[in-house]
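A short worksheet on the structure shown next.
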Amino acid sequence: MTDDELVAGYLRRLKRASRRLPRPVRRELMEEITGHIAEARAAGGGPAGDDSAGDDSAVLRTVLEQLGDPRDIARAAAAGVRADRPGWREITAVALLLGGGLLGLAVGAIFSAGALTAIIFWLVGAVLLWSSPRWRLSDKILGSLV
Amino acid sequence: MYRMVAGDAANQVAQMRRGVLPYCVLAMLRHTEQYGFELVRALGSIDGMVTGEGTIYPLLARLRRQGLVVTTWQESAAGPPRRYYQITAAGRAALGDFTQAWAQLRDSVDGLLDAEEAP
């Protein structure tokens, strides 16, 4: 197997392992790993590596080995994307803050206490908003005002 | 719920390492911007810091999505353009918070471990 085939095989495995990632995330990951391999090959395996002829394949194998299993890289990327997604707390807070007033009025009209119910819904939303670790203080103040 | 078993320490340490890695990256960018390969190689050369170099790239991408770093493309004399990573004000703030919390945790844990060792 030639060096280029070795690289192509590695990138193919990474592409397959990362097929479930959002497209921009996957594209950036492929770009970065491709760039890393090119840089590492150009550097010849680091300052300690000698440049004797015929050692290129050994260098490349070390480079790919140090990068690790493509599946591990894809898993790390997927975990990062998952961690960025909003949880139930955020979704419920936004729903209650935005829709709470309307929903509260509708529910409350039946019991002729619309304003009170709307306020309760809004309060629950606000509590969730403030207890969420995901938003910054400025976002929280803005969210409550809206 | 959770039970500690012998041989589990290595696993726990690996998890801790994953937890502190983002802040190590931020610390490395504190004084100078770096491109991905350079950053990854520097981290990889620290004993026991990373297992697979490739997993650092998803971490860098996440730091950027969180606004803790920004990236710029810069021409390179050697080959294709490089993506440089630069710490943001939010990144510095996060690093500052971590630095404080880390010092406190380290001292507390050290205190307990040292007390255990004493005769």
Study note, to complete from the structure: Among (1) of a type outside the set (S, T, Y); (2) within 25 Å of A:E31 (Cβ to Cβ); (3) assigned to a helix (DSSP H, G or I); (4) out of contact with any strand residue (DSSP E or B) (no Cβ under 8 Å at 6 or more places or on another chain), B:L60 falls short only on (4)
Practice item. Among the numbered conditions (1) surrounded by 14 or more Cβ atoms within 10 Å (Cβ to Cβ); (2) modelled with pLDDT under 95; (3) aliphatic (A, V, I, L, M), tell me where B:V5 comes up short. Key: (1)
Review point. What is the residue count in region A:12-28 for residues that are under 12 Å from A:L67 (Cβ atoms) and either surrounded by 16 or more Cβ atoms within 10 Å (Cβ to Cβ) or outside the structural domain of A:I73 (by TED's automatic domain parsing) (or both)?
Key: 1
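Within region B:28-44, does at least one residue satisfy the condition of being closer than 23 Å to A:A76 by Cα, within 14 Å of another protein chain (Cβ to nearest Cβ) and in a loop (DSSP other than H, G, I, E, B)?
Checked region B:28-44: no residue is closer than 23 Å to A:A76 by Cα, within 14 Å of another protein chain (Cβ to nearest Cβ) and in a loop (DSSP other than H, G, I, E, B).
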Point to revise | All positions within region B:63-92 that are out of contact with any strand residue (DSSP E or B) (no Cβ under 7 Å at 6 or more places or on another chain) and either assigned to a strand (DSSP E or B) or in contact (Cβ under 8 Å) with a residue 60 or more places away in the chain (or both) | key: B:R92
**Study point:** Subset tally (residues that are of a type in the set (F, W, Y) and under 23 Å from A:S18 (Cα atoms)) for region B:48-84
**Key:** 1
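The values are calculated or read from the model by the stated rules, or taken from the named source; none is laboratory data. For clarity, every value in this text was computed on a predicted model and none was experimentally measured. Heads up, the Cβs are rebuilt from the backbone with ideal geometry, glycines too, and the neighbour counts pull from every protein chain shown.
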